[in-house]
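Take a look at the structure below.
Please treat every number below as a calculation from the coordinates, not as lab data. Everything numeric here is computed off the predicted structure, so don't read it as measured data. When we count neighbours, we look across all protein chains shown, and the Cβ atoms used for this are built from the backbone with ideal geometry, even at glycine.
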Amino acid sequence: MKSHRAQHSVQLAVANLAVTEAFYAGILELPVQRSLTAIGAPDHLVLDMDGIALVFVEEDDVVRAHPVLGNRFSMFPRGIGVTLHFEVRDIEGISDAINEEGLEILYPLEIRPYGIKEMWCFDPDGYLVVLDEARDRMKKAGR
């Protein structure tokens with residue numbers, strides 16, 4: 001049985017679910033849920049979005065379930081080639097929190113020519129995360 005309602009999902013391996021949860025739910029304020037799992041099943045996080053879910057599972061649990069993947073994780077670091085895009089609220093506050101946590105920023109917060117406030121950073125596992133906030137939302141918030 002699936003742990004989410006979305007028709008499609010993408011599973012991402014992470015080093016530590018608590019750190020991942022702190023980043024996505026705490027800093028980015030996205031609706032991340034810890035999944036209720038069957039006894040013996042690995043704990044995981046679900047970010048259930050319209051039609052697709054991101055499922056975060058600890059790498060050690062993935063390797064335990066699928067030992068053949070162990071060598072691949074050592075050959076290819078987590079995050080290589082994956083970019084996650086999210087529309088967020090209060091991108092300035094998020095930018096401040098990312099800076100305070102010392103997370104790597106690829107492109108700092110700026111207003112793009114197409115009218116969106118945007119920044120690019122890496123999550124704690126090296127996944128590239130692009131954050132944007134529409135200017136309409138900023139104007140309504142008095143910015």
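Over the chain, what relative contact order in percent results from Cα pairs under 8 Å that are six or more residues apart?
Working: 225 pairs, mean separation 31.2, N = 143.
22 percent.
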Counted charge near residue 104, where neighbours are those whose Cβ lies closer than 15 Å (Asp, Glu -1; Lys, Arg +1): -3
From the coordinates shown, percent of Cα pairs over 22 Å apart corresponds to which of (i) 51; (ii) 38; (iii) 44: (iii)
Cβ-based net charge around residue 58, under 15 Å, with every Lys or Arg adding one and every Asp or Glu removing one: -4
For region 91-112 versus region 34-66, the gap between their alpha-carbon centres in whole angstrom: 27 Å
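Can you give the FRET efficiency for residue 83 and residue 41, using 1/(1 + (r/R0)^6), R0 = 25 Å, r = Cβ-Cβ distance, to the nearest 0.05? Don't skip to the answer; put the middle values down first.
Details: r = 29 Å, r/R0 = 1.16.
Calculated value: 0.30.
Taking only DSSP H segments of four or more residues, each worth -39500 (n - 2.57), what value at 222 nm results for the chain once the sum is divided by all its residues, to the nearest 500 deg cm²/dmol? Walk me through the numbers before you get to the answer.
On the way: 5 runs with 35 residues, N = 143.
Roughly -6000 deg cm²/dmol at 222 nm, from the helical runs in the chain.
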